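Below is one structure, written out as structure tokens, with a few remarks after it.
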Number of protein chains: 2
Amino acid sequence: MIRLAIVGLGKIARDQHLPAIEKTEGIELVAIASRNATLEGVAHFTSLDELLASDVAVDAVALCTPPQVRREQAALALSHGKHVLLEKPPGATVSELAPLVAAAQASGKTLFATWHSRFAPAVEPARAFLAEHAPRAVMVEWKEDVRVWHPGQDWIFEPGGLGVFDPGINALSILTRILPNPFFLTKASLGFPANRDAPIEAALDFADSTGVPIRAELDFLQTGPQTWDIHVETGAGRLTLSLGGSRLFLDGKALIEAPEAEYPGIYKHFVDLVARGAGDVDLAPLQHVADAFLLGRRIVVAPFEG
Amino acid sequence: MIRLAIVGLGKIARDQHLPAIEKTEGIELVAIASRNATLEGVAHFTSLDELLASDVAVDAVALCTPPQVRREQAALALSHGKHVLLEKPPGATVSELAPLVAAAQASGKTLFATWHSRFAPAVEPARAFLAEHAPRAVMVEWKEDVRVWHPGQDWIFEPGGLGVFDPGINALSILTRILPNPFFLTKASLGFPANRDAPIEAALDFADSTGVPIRAELDFLQTGPQTWDIHVETGAGRLTLSLGGSRLFLDGKALIEAPEAEYPGIYKHFVDLVARGAGDVDLAPLQHVADAFLLGRRIVVAPFEG
């Protein structure tokens, strides 16, 4: 039984991690490290340092803190011999992950950089379909209202918070899993609110190594219906992953409509990784975001007041 | 004898590549592909396509074009069975390199992503010194006048042109070679001229995996003396690489003052790589730049009129 501590008891931890841990065999929540938030019946510490100095025994930590502080916490936990599960994105930079991977390997502990959208039910069937039927063109629409999904989470618009790429990286985590060839950015524009340090909209053009065009449109101010769709044109029809990968359609006909179970999938995989002494760190989605900041043209858009 | 074509006969090709090729055994210049520029006595084509369709036999191409167009040229050359030498930076994104590396490996051809500053004479001695004497703190000052060194090169301030990171990446290519531990960005600010799409100044704070602080200050508007210095505090004194790695000092006492020979070093290494059927692609310097764009706070500074 893996004795787990959650570090950072914020919205994602409460909405997703707690119920998923509850449902997963082989892992149990024994502690919370969070500045203010507490959970009834679970040992509470105000910081990871305090937790590690205590006599509460933990085998693993799930880092649900903002990405800007995650690296230091991961390094600390690994140096104390703990397995580490990282919420997405796995860090504030790509380069900071290599030393963490090396530390995990040196200590024989599991480091798992999670991409929750990859555990959506339509993802593996889409991957299998596209291995058989080559994509000809890809269109991503990822449009949600930050005011609904991230109320008060100002860190998202701080440097390293990714802005609209915080949801957009979910689309990239699916794309890098389901497309049969590697791809890369060819052109991008990023809209930065005049009063913020991260983009609130983005238009991205990628190509894969065989020339297939991939277009992604990200918007963080979408009102009305929210859109998390990926459309892939193939010789066998138009494949659509809808609602963040939870539904799969071929030419509009439903292939898969399964209940959402991303986080239970994450924790099941974590328990399995720990049992096998393995790790799972794929940086491709974060790499694409870094590339978008590197190559993208910056456009100043209206201030965002939240 | 490697029959080489230069693609993009601009300033760096004329100033550095031509004399270096002339000096290097085992390689000869047989063609130029450049929109307008020609070289007396050497076959000229207006594009790489035209060159590859001609009956001039070439074994390798050196891509001296701006980074925004290099990937497509590299992919084309590799698909025609040519070895490829890439000027720095190796591309406009990090992700675009993986398919090129795979293509080179599949065809048994050499892909060499050059970092010319790594061939400066002080670099390998500095690396050896720092393997013996651990760094305690690192300070980089990389300050030059873009108007002197890049006259009319507007691509530098276009998206993907890197701005002040075009020289700054040279410092990062040295740092990633000489420091004994991997490092990563913790904080950055990038100054973008109001009328340009790439930064003209940057202040970067890194840390290595053992906590050693690394500070880098980049400026593209330096008048008067130009500065390309790296200072490393160690228990055995202060090591200084000066003038872009061409001189090495310990507590101010000169250890090495050798003539500059970066590009001859590059071509010697390229001839050796081709002979061994090997490649050499280290993306760490470009990764750090992408991380700086990802994590850095953007500040708008005075317009740059060139």
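The values are calculated or read from the model by the stated rules, or taken from the named source; none is laboratory data. None of these values were measured; they are calculated from a predicted model. No Cβ is skipped: glycine too gets one built from the backbone with ideal geometry, and neighbour counts run over all protein chains shown.
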> When you go through A:ALA290, A:ALA236, A:ALA275 one by one, which is the residue that is among the small types (Gly, Ala, Ser), more than 30 Å from A:VAL101 (Cβ to Cβ), out of contact with any Ser or Thr (no Cβ under 7 Å at 6 or more places or on another chain) and modelled with pLDDT of 95 or more?
Replying inline: A:ALA236
>> One residue is enough: does the range B:25-36 have a residue meeting the conditions touching a Gly at 6+ places or on another chain (Cβ under 8 Å) and either among the acidic types (Asp, Glu) or within 21 Å of B:GLY168 (Cα to Cα) (or both)?
In response: no
> When you scan the range A:87-96, how many residues do you find that are more than 11 Å from A:GLU72 (Cβ to Cβ), at the interface with chain B (Cβ under 8 Å from one of its Cβ atoms) and touching a residue at least 24 places away in the same chain (Cβ under 8 Å)?
Replying inline: 2
> Can you name every residue in the range A:223-248 that is polar (S, T, N, Q) and under 20 Å from the mean Cα position of the chain (by Cα)?
Replying inline: A:GLN226, A:THR227, A:SER242, A:SER246
>> With the structure loaded, tell me whether A:VAL30 is part of a strand (DSSP E or B) and within 25 Å of A:HIS150 (Cα to Cα) or whether it fails that test.
In response: no
> When residues of the range B:278-292 are filtered for being closer than 16 Å to B:GLY168 by Cβ and either of a type in the set (Gly, Ala, Ser) or without any contact (Cβ under 8 Å) to a residue 60 or more places away in the chain (or both), how many remain?
Replying inline: 3
> Counting residues that are among the β-branched types (Val, Ile, Thr) and either over 30 Å from B:SER107 (Cα atoms) or not assigned by TED's automatic domain parsing to the domain that holds B:GLU22 (or both), which strands (runs of 3 or more DSSP E) fully inside the range B:198-292 reach at least 2?
Replying inline: B:227-234
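Here's the yes/no breakdown for (1) more than 23 Å from the chain's Cα centre (by Cα); (2) under 23 Å from A:ALA106 (Cα atoms); (3) assigned by TED's automatic domain parsing to the domain that holds A:TRP155:
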position	(1), (2), (3)
A:ASP15	no, no, no
A:VAL30	yes, no, no
A:THR46	yes, no, no
A:GLU50	yes, no, no
A:VAL56	yes, no, no
A:VAL61	no, yes, no
A:CYS64	no, no, no
A:LEU76	no, yes, no
A:GLU87	no, yes, no
> If a residue has to be touching a Phe, Trp or Tyr at 6+ places or on another chain (Cβ under 7 Å) and not hydrophobic (A, V, I, L, M, F, W, C) to count, how many in the range B:145-174 make the cut?
Replying inline: 5
>> Under 9 Å between Cβ atoms, which residue pairs at least 6 apart in sequence (or on different chains) link something in the range B:63-84 that is within 11 Å of chain A (Cβ to nearest Cβ) with a partner that is in a helix (DSSP H, G or I) and of a type in the set (D, E, K, R)?
In response: B:PRO67/B:ASP166
> Considering A:VAL301, A:VAL289, which residue is within 14 Å of chain B (Cβ to nearest Cβ), under 19 Å from A:ASP145 (Cα atoms) and surrounded by 15 or more Cβ atoms within 10 Å (Cβ to Cβ)?
Replying inline: A:VAL301
>> For the range B:136-155, give me each residue that is without any contact (Cβ under 8 Å) to a residue 60 or more places away in the chain and either buried (at least 22 other Cβ atoms within 10 Å of the Cβ) or within 14 Å of chain A (Cβ to nearest Cβ) (or both).
In response: none
> Going by the structure shown, is B:LEU190 in contact (Cβ under 8 Å) with a residue 60 or more places away in the chain, closer than 12 Å to B:GLU141 by Cα and buried (at least 22 other Cβ atoms within 10 Å of the Cβ)?
Replying inline: no
